């Protein structure tokens, strides 16, 4: 299910209680193959949700060595291969290179606009997509697990960072090629996946009429003014 699909699903479930005209939206699109935290805003919180999410995001991801794809994930076509597999020591040694402020070129398969069109739509047509590098910050980067053909890593990054590109760049720095096979967002701004509600749990609550059970008031984020009508969900675990 896409991020927009999650919003549509919840909106459909809420119509019996709130009618058809209420506002609902998500904060920060997840890649199609990604899972994890997806903050949802309801009512006036839909507009106010975005400023809460300008902070850092944390992702856990699996970098598969030996194969590069057009999209940087399992959904793309294979473009490059390498028999070189870096050791755990080699992976650990490159981590400092990818920590701190740096320039990153967004992937062609992204939602950024080029000439008024989404880059991924142009890329799917086989058109050449050129995107300009941008300044991003990798606040923390750690190796959680290492196996012979893949590594599991965790990164806390600034807004605008593409983890698929980070994975590809790390593989190149280690003397090989690679792509992501898993990607999970575990934190976004003030929200953490440990406090999130699964979509299944939320769905069961909405079916029974207890639609307020998983709402949070905006005063959980002191920097944002709170009014009785402003609420936000705990976040869905997609």
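Bear in mind these aren't lab numbers, they're just calculated from the coordinates by the rules spelled out. Being a predicted model, the structure only gives us computed values, none of them experimental. Positions of Cβ are generated from backbone atoms using ideal geometry, with glycine treated the same way; all protein chains shown enter the neighbour counts.
Identify which of 157, 129, 177 has the largest mean-square fluctuation in a Gaussian network model of the chain, with springs joining Cα atoms closer than 10 Å.
For the chain, modelled as a Gaussian network with Cα springs under 10 Å, the answer is 129.
Give me the three principal axis extents of the chain from the C-alpha atoms, as integers in angstrom, largest value leading.
57, 38, 31
How would region 57-188 be classified by its alpha-carbon gyration tensor: rounded, prolate or oblate, with rounded meaning a/c under 1.5 and the a/b versus b/c comparison settling the rest?
oblate
If I build a Gaussian network model for the chain, linking alpha-carbon pairs within less than 10 angstrom, which residue out of 67, 176, 89 has the largest mean-square fluctuation?
Most flexible of the set in this elastic network: 89.
Go through 44-51, 146-153 and give me the packing order, highest mean Cβ count within 10 Å leading.
44-51, 146-153
Per residue of the chain, what 222 nm ellipticity follows from adding -39500 (n - 2.57) for every DSSP H run with n ≥ 4, rounded to the nearest 500?
That comes out to -7000 deg cm²/dmol.
Based on alpha-carbon centroids, what's the gap between region 53-105 and region 141-157 in Å, whole number please?
Using only Cα atoms, the two centres lie 9 Å from each other.
For all pairs of alpha-carbon atoms in region 122-222, what percent lies in each bin of width 10 Å, listed from the first bin to the last filled one?
Result returned by the calculation: 10, 30, 27, 22, 10, 0.
Expected output is a single nm value to one decimal: the length gained when fully extending between residue 130 and residue 215, i.e. 0.36 nm times separation in residues minus the C-alpha distance. What is it?
26.5 nm
Kirkwood Rh, region 1-136, all Cα pairs: how many Å?
18.3 Å is the Kirkwood radius here.
Let me know the shape class of region 28-70, please: from the alpha-carbon gyration tensor, a ≥ b ≥ c as square roots of the eigenvalues, rounded when a/c is under 1.5, otherwise prolate if a/b is greater than b/c, or oblate.
In terms of gyration-tensor shape, prolate.
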